[in-house]
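**Q** Structure in structure tokens, see below.
The values are calculated or read from the model by the stated rules, or taken from the named source; none is laboratory data. Computed from a predicted model, the values in this text were never measured in an experiment. Neighbour counts run over all protein chains shown; Cβ positions are idealised from the backbone, glycine included.
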Amino acid sequence: MKLLKTKINGPKIVKSQIFRDNRGYLKETFRNDLIKNLTFPFDVMSSSKKGVLRGLHIQIKHTQAKIITVTHGKIFDVAVDLRKNSKTFGKYVSLIMSDKSDFSFYIPKGFAHGFMCISENCTVNYKCSSYRHEASEKTLSWNDAYVNIKWPFKKPILSQKDKNGLSLRNFK
């Protein structure tokens with residue numbers, strides 16, 4: 001396994017090797033020695049149908065790093081830089097991931113995360129560096145004009161929380 005850079009300093013592609021044979025495949029999705037000075041005490045899994053957009057979520061006070069792995073289907077995954085003193089504040093990194101991808105996506109603390117299911121359904125696993133802290137959860141608006149994410153579908157299926165996301169100005 002190795003870490004590959006993205007266009008923004010921080011998020012990384014977690015490249016793994018896939019071992020295939022007539023039974024299927026095996027791939028490592030995480031190794032504790034890969035990302036220094038972080039532990040990932042719990043995992044979360046979500047299941048979504050086509051067109052569902054989850055995010056863009058961040059915990060402000062109890063920040064989380066995440067490693068995203070798709071275990072079924074295909075997603076359009078996004079990390080938005082919300083680090084206040086960053087040269088890339090408000091910029092995003094996006095990629096398409098599937099259960100066939102030979103990588104996961106590492107998102108460091110200080111980034112909002114969201115994804116859209118672009119297959120009939122998908123299952124996504126999140127490794128998180130800290131536990132959920134509901135009082136510090138915030139949602140960045142999925143369609144904020146300044147961030148200008150090029151989502152695959154114009155009319156996503158959203159939760160009420162995600163429909164009411166904050167503008168980027170409210171994060172400055």
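**Q** Being closer than 23 Å to Thr63 by Cα, in contact (Cβ under 8 Å) with a residue 60 or more places away in the chain and in a strand (DSSP E or B), is that true of even one residue in the range 139-156?
**A** Yes, the range 139-156 has at least one match.
**Q** Just checking, which of Asn164, Asn170 is within 14 Å of Gly55 (Cα to Cα), surrounded by fewer than 15 Cβ atoms within 10 Å (Cβ to Cβ) and without any contact (Cβ under 8 Å) to a residue 60 or more places away in the chain?
**A** Being within 14 Å of Gly55 (Cα to Cα), surrounded by fewer than 15 Cβ atoms within 10 Å (Cβ to Cβ) and without any contact (Cβ under 8 Å) to a residue 60 or more places away in the chain holds for just one of Asn164, Asn170, which is Asn164.
**Q** In addition: Find the residue count for the range 1-42, including only residues that are surrounded by 10 or more Cβ atoms within 10 Å (Cβ to Cβ), basic (Lys, Arg) and closer than 22 Å to Cys128 by Cα.
**A** 6
**Q** Please specify each residue of the range 23-37 satisfying the condition of being part of a strand (DSSP E or B) and either at positive phi or modelled with pLDDT under 85 (or both).
**A** Gly24
**Q** Still on this structure, please answer the following. Considering only residues that are in contact with a Lys or Arg (Cβ under 8 Å, 6 or more places away or on another chain) and aromatic (Phe, Trp, Tyr), look in the range 121-152 and name the one that is surrounded by the most Cβ atoms within 10 Å (Cβ to Cβ).
**A** Tyr126
**Q** Cβ-Cβ below 7 Å, separation at least six or inter-chain, first residue in the range 57-80 and over 17 Å from Trp151 (Cβ atoms) and at pLDDT 95 or above, second assigned to a loop (DSSP other than H, G, I, E, B) and aliphatic (A, V, I, L, M): which pairs?
**A** Matching pairs, first to second residue: Ile58/Leu82; Ala65/Leu38.
**Q** Moving on to the next point. So which pairs qualify, if the first residue must be in the range 35-49 and within 11 Å of Asn125 (Cα to Cα), the second must be of a type in the set (A, V, I, L, M, F, W, C) and in a strand (DSSP E or B), the Cβ gap must be under 6 Å, and the two must be at least 6 apart or on different chains?
**A** Phe42/Cys128; Ser46/Val124
Residue-by-condition table, conditions (1) over 30 Å from Glu28 (Cα atoms); (2) of a type outside the set (Gly, Ala, Ser):
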| site | (1), (2) |
| --- | --- |
| Phe76 | no, yes |
| Lys91 | no, yes |
| Phe103 | no, yes |
| Phe111 | no, yes |
| Ser136 | yes, no |
| Leu140 | yes, yes |
| Lys155 | yes, yes |
| Asn170 | yes, yes |
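**Q** Which residue pairs have Cβ atoms closer than 7 Å, lie 6 or more positions apart in sequence or on different chains, and pair a first residue in the range 101-122 that is under 25 Å from Leu166 (Cβ atoms) and at pLDDT 95 or above with a second residue that is part of a loop (DSSP other than H, G, I, E, B) and aliphatic (A, V, I, L, M)?
**A** Tyr106/Ile35; Ile107/Ala65; Pro108/Ala65; Lys109/Ala65; Gly110/Leu82; Phe111/Leu82; Ala112/Leu82
**Q** Just checking, which of Asp162, Asp102, Asp144 is acidic (Asp, Glu) and within 30 Å of Gln17 (Cβ to Cβ)?
**A** Going through Asp162, Asp102, Asp144 in turn, just one is acidic (Asp, Glu) and within 30 Å of Gln17 (Cβ to Cβ): Asp102.
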